[in-house]
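Below is one structure; the comments refer to it alone.
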Amino acid sequence: MPATLWLLAGAGILAYGGGLLWANVVRIEVDSAVVGGQIEPLQSPATGVLSGMRLRANMSVEKDEKLFSIHDPALEQMIGLASIKVERARDDLRVRLAARDAEKARRDDHVLAARAELERIDTEIESLEHLEKTAKDRVQTVSGLFAQGHTTRPRLEDATDRLAQASAALARSRTIRREKSELLAAALSGRGAGGIEVISRLAEADAAVTRAETEIALSVEELRVLMQRRAELTVLANTSGRTLRVLRRDGANVQAGDTIAVLERQERGIVYAFLTQGEASRVGIGDEAEIYIPGHRISARATVVAVERNGGYLDDVESRYTWQLARDTGVRHTDRDRTARVTLEFSEADQAAARRHVTAGTPAIVSFDRRWGRGEATTFAALQSRPPDKQP
């Protein structure tokens with residue numbers, strides 16, 4: 001019986017030792033790992049009141065989806081004033097158009113009357129021309145009779161007076177017609193006067209309409225610029241993804257540049273594992289590793305895609321989750337500090353599930369196969385001679 005106990009105890013010790021050997025020598029297991037991702041802060045484009053906020057934590061969003069908008073009271077007041085200005089300019093244009101139409105009607109009435117007067121004068125001139133011709137013939141006849149002594153001087157003088165009267169009346173009618181024609185031409189051109197009365201201000205009316213149309217165009221452009229500024233206050237998703245954190249709620253007062261929410265872009269799932277410098281030398285690109293997500297009790301396979309010895313010292317303002325170490329403290333880091341970063345990419349079979357269930361920042365445990373020795377090495381010259389599809 002004691003021998004059996006000793007045998008069982010020895011087997012347990014050997015199993016425990018084998019487990020330690022497997023965990024600490026054959027494999028490298030680190031719990032300083034985190035699910036990574038491209039993180040995009042959604043910031044307020046202006047100062048105002050947050051409105052239309054529909055984001056919730058862990059909510060999926062599509063590209064170009066409306067996320068929220070900013071209500072700017074000052075901008076809304078400017079838009080209201082600009083809208084009133086546009087309406088006022090349109091009302092002024094309607095008044096100017098009515099005035100121009102009235103001037104056109106007035107001009108048309110004057111033109112009709114002037115043309116009727118010209119027709120009457122033309123008839124009168126035609127009659128006077130016939131009368132003048134008759135008077136000329138009469139003077140010639142009487143002059144011949146007076147030369148032969150068959151008539152008296154008073155009759156010749158009377159015929160001559162009648163000719164002079166006819167010629168004077170014809171000249172007067174032609175002068176009146178010329179004046180009337182000039183007035184008609186002035187009225188047709190848009191400006192004219194009859195005596196001391198201005199009968200047409202069509203040119204001024206046209207200029208007033210043009211000014212009103214220009215004012216409308218300027219007012220509409222001003223309103224368009226303000227409306228464009230309002231549209232810029234609506235934030236759309238630049239890419240598909242999901243929200244990690246929501247920092248502000250609908251109706252909150254925000255300042256320009258305030259972070260409203262944090263969005264994780266929908267890209268290939270990756271894991272950052274932080275190793276010591278000694279452990280990093282035992283991991284190579286292309287190695288497969290096991291990933292365990294304790295928070296969700298999910299395991300997956302992943303492949304090493306990058307090994308960075310200075311990964312722990314990268315800029316801490318990077319827009320992604322990373323393992324932070326104290327910087328510029330004056331303390332010399334040793335091999336016990338996890339200053340190297342290994343980037344792993346989930347396998348194709350686990351990519352969709354990883355994007356759907358695991359968010360950036362989730363803790364992870366990674367188990368690597370430990371490499372021993374240098375192994376088979378390849379020279380750079382040999383790499384250059386390989387086909388492009390065979391390049392690492």
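So, in the stretch 261-305, how many residues would count as being crowded, with 23+ Cβ neighbours inside 10 Å and within 42 Å of the chain's Cα centre (by Cα)?
8
Mind listing just one residue for me: the one in the stretch 100-112 that is surrounded by 15 or more Cβ atoms within 10 Å (Cβ to Cβ) and out of contact with any strand residue (DSSP E or B) (no Cβ under 8 Å at 6 or more places or on another chain) and, of those, nearest to LYS180 (Cα to Cα)?
VAL111
How about the stretch 19-74: which strands (runs of 3 or more DSSP E) wholly inside it have at least 2 residues that are at pLDDT 90 or above, aliphatic (A, V, I, L, M) and more than 30 Å from ARG338 (Cα to Cα)?
Fully inside the stretch 19-74 and qualifying: 48-51.
Surrounded by 14 or more Cβ atoms within 10 Å (Cβ to Cβ) and either in a helix (DSSP H, G or I) or hydrophobic (A, V, I, L, M, F, W, C) (or both): does that describe ALA171?
Answer is no for this residue.
Could we say that GLU222 is among the charged types (D, E, K, R) and surrounded by 15 or more Cβ atoms within 10 Å (Cβ to Cβ) here?
Criteria met by GLU222.
Report, ordered by the first and then the second residue, all pairs with beta carbons closer than 8 Å, sequence separation of six or more or different chains, a first member in the stretch 239-260 that is free of Cβ contacts under 8 Å to residues at least 40 places away in the same chain, and a second member that is in a strand (DSSP E or B).
Pairs found: LEU247/THR259; LEU247/ILE260; LEU247/ALA261; LEU247/VAL262.
Any idea which of LEU93, LEU112 is assigned by TED's automatic domain parsing to the domain that holds ALA207 and without any contact (Cβ under 8 Å) to a residue 60 or more places away in the chain?
After applying the criteria, what remains is LEU112.
Among the residues of the stretch 231-241, write down those that are crowded, with 17+ Cβ neighbours inside 10 Å and more than 16 Å from MET53 (Cβ to Cβ).
Scanning the stretch 231-241 gives a single hit, GLY241.
Regarding GLU117, is this residue surrounded by 13 or more Cβ atoms within 10 Å (Cβ to Cβ) and not assigned by TED's automatic domain parsing to the domain that holds ALA261?
yes
Tell me the residue from ALA217, ALA205 that is farther than 30 Å from GLY36 by Cβ and surrounded by 14 or more Cβ atoms within 10 Å (Cβ to Cβ), please.
ALA205
Does VAL142 satisfy the criteria of being part of a helix (DSSP H, G or I) and modelled with pLDDT under 80?
The answer is yes for VAL142.
The values are calculated or read from the model by the stated rules, or taken from the named source; none is laboratory data. In this text the structure is predicted, and so the values were computed from the model without any measurement. So basically every Cβ, Gly included, is an ideal-geometry build from the backbone, and we count neighbours across all protein chains shown.
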